[in-house]
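Report on one structure; see the data block that follows.
Values in this text are rule-based calculations from the coordinates and carry no lab data. Fair warning: this is a prediction, and the values are worked out from it, not measured in the lab. Every residue, glycine among them, receives a Cβ derived from its backbone with ideal geometry; neighbour counts consider all protein chains shown.
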Amino acid sequence: MLLRFLILVSLMSASAWSYAQDVRELATDRPGLGSDAPVTVPQGFVQVEAGFQMDKDRYRQGNVELEQTLWSYPSTLLRYGILDRWEFRLSFDALSLANRRQNADLVQQVQGISPITLGSKVMLTQEEGWVPTMAFQFGLTLPSTGSEALQSTFTQPTITWLMTKSVTENFGITVNLGAEWDDISPAATYNYALSMDMSLQEKLGAFLEFYGSWPELGTQAHAVNYGLTYLILDDLQLDISSGVGLVDEATDYFIGLGISGRIGL
């Protein structure tokens, strides 16, 4: 599956190379976990972003300490530029979740496809002077989609305000503020992310991201994420990232790899 995806993205990028020079620079919504870029996919282009990630977390259930391992193989985001500043989004994950006791006995294992999320991003402004690039992003996770073991009962909406501002020619800051509703209660969870993005070389970039959530019901979770991106071609990018939780409620740590590519239709 991975090999087929890599071949597909490579062919897409090669076919778009000849005329992509006049299209704005490739901007992806990965590998950051908390922040998405306010830039939309150019009109008439399809962008595919996929990541492979392992999350590890230790937690207690009564007097028993458990270790949870979550694999995403891959998480997939499809983006299509409907208009120059308006894109359609579709995402889903292939997941494998396992919970084990300290003695390595398997307690629970779930595998399958996550519910499908449909969404849209609308770019409101482009950076000019003190005005940052800004956008609104909306999403709906659909019930009764995906594998039966992972399906949700109710529609789960999300809304996020996205903003990016250049500080210097090689350094910028991205901020995301949003809210989401889960499948359990009508209470909202408020999310934030602050990402510092650096250009190390012409094709090599780095980022440091702080992100977290404040639920109306439940406990807060905060984490830090960092990594590198490498632009192989104008329309093909690789990334690597890792992160750690800053509080007990967040995932202990994770590592991830990703690839993103786009093609004009």
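Residues of the stretch 132-151 with amide nitrogen under 16 Å from the 7 Å Cα-to-Cβ point of L118?
In the stretch 132-151, the label zone of L118 (backbone N under 16 Å from the point 7 Å along Cα→Cβ) covers 138-146.
Would you work out which of S91, P186, P38 lies farthest towards the positive end of the dipole of the chain, given +1 charges on the beta-carbon of Lys and Arg and -1 on that of Asp and Glu, about the Cα centre?
It is S91, whose Cα lies furthest towards the positive end.
With runs of 4+ DSSP H residues as the only contributors, calculate the mean residue ellipticity of the chain at 222 nm using -39,500 (n - 2.57) per run, divided by the residue total and rounded to the nearest 500.
Computed mean residue ellipticity for the chain: -2000 deg cm²/dmol.
With θ set to phi - 60°, apply the Karplus curve 6.51 cos²θ - 1.76 cosθ + 1.60 along the stretch 56-72 and write out the HN-Hα couplings as whole Hz, x wherever there is a Gly or Pro.
Values per residue, Gly and Pro as x: 10, 8, 10, 8, 10, 10, x, 9, 9, 9, 10, 10, 10, 10, 10, 10, 10 Hz.
Measure out, as a whole number of angstrom, how far apart the alpha-carbon centroids of the stretch 190-241 and the stretch 23-43 sit.
Centre-to-centre (Cα) distance: 11 Å.
To the nearest 0.05, what FRET efficiency results for D234 and T153 with a Förster distance of 30 Å applied to their C-beta separation?
After rounding to 0.05, the efficiency reads 0.10.
Along the Cα-to-C-beta direction of E25, a point sits 7 Å from the Cα; which residues of the stretch 151-180 have their amide N less than 14 Å from that point?
164-174
Quick one: which residues, 5 or more positions from L124 or on another chain, have an amide H under 5 Å from its amide H? H modelled 1.01 Å from N in the peptide plane, none for Pro or chain starts.
M134, A135, F136
Roughly speaking, what is the stretch gain from I255 to Q220, that is 0.36 nm per residue apart minus the C-alpha to C-alpha distance, in nm to one decimal?
Working: separation 35, 0.36 × 35 = 12.60 nm, distance 2.19 nm.
Gain in length upon complete extension: 10.4 nm.
Quick one: compute the contact order of the stretch 70-174, relative version, from alpha carbon pairs under 8 angstrom and 6+ residues apart, as a percent. Intermediate results must be reported in sequence, preceding the final value.
Numbers: 236 pairs, mean separation 20.1, N = 105.
Dividing the mean separation by the residue count of the stretch 70-174 yields 19 percent.
Could you size up the charge dipole of the stretch 178-265 around its Cα centre, putting +1 on the beta carbon of Lys and Arg and -1 on that of Asp and Glu, and report it in debye to the nearest 20?
Computed charge dipole of the stretch 178-265: roughly 280 debye.
Could you check which residue among E25, E49, E209 shows the biggest mean-square fluctuation in a GNM of the chain with a 10 Å Cα cutoff?
E25
Using a simple spin-label model with points 7 Å from Cα along the Cα→Cβ vector, what separation in nm is obtained for M54 and S185?
Between M54 and S185, the simple spin-label model gives 3.5 nm.
Using 7 Å Cα-to-Cβ label points, what is the V247/V131 separation (nm, one decimal)?
3.7
Would you mind giving the average projected area, over all directions, of the Cα convex hull of the chain in nm² with one decimal? Intermediate results must be reported in sequence, preceding the final value.
On the way: hull surface 59.5 nm².
Projected area, direction-averaged: 14.9 nm².
Once the Cα atoms of helix 2-16 and of the chain are each reduced to a long axis, what angle between those two axes, in degrees from 0 to 90 to the nearest 10, is obtained?
Here the helix axis deviates by roughly 20 degrees.
Using the crude model of +1 on Lys and Arg Cβ and -1 on Asp and Glu Cβ, and no other charge, please compute the dipole size for the chain relative to its Cα centre, in debye to 20.
Taking the Cα centre of the chain as origin, the dipole is about 360 debye.
About the Cα centre of the stretch 88-141, how large is the charge dipole given +1 on each Lys and Arg Cβ and -1 on each Asp and Glu Cβ? Please answer in debye to the nearest 20. Mind showing how you got there, number by number?
On the way: 4 positive and 4 negative charges, 50 e Å.
Using only the charged Cβ atoms, the result is roughly 240 debye.
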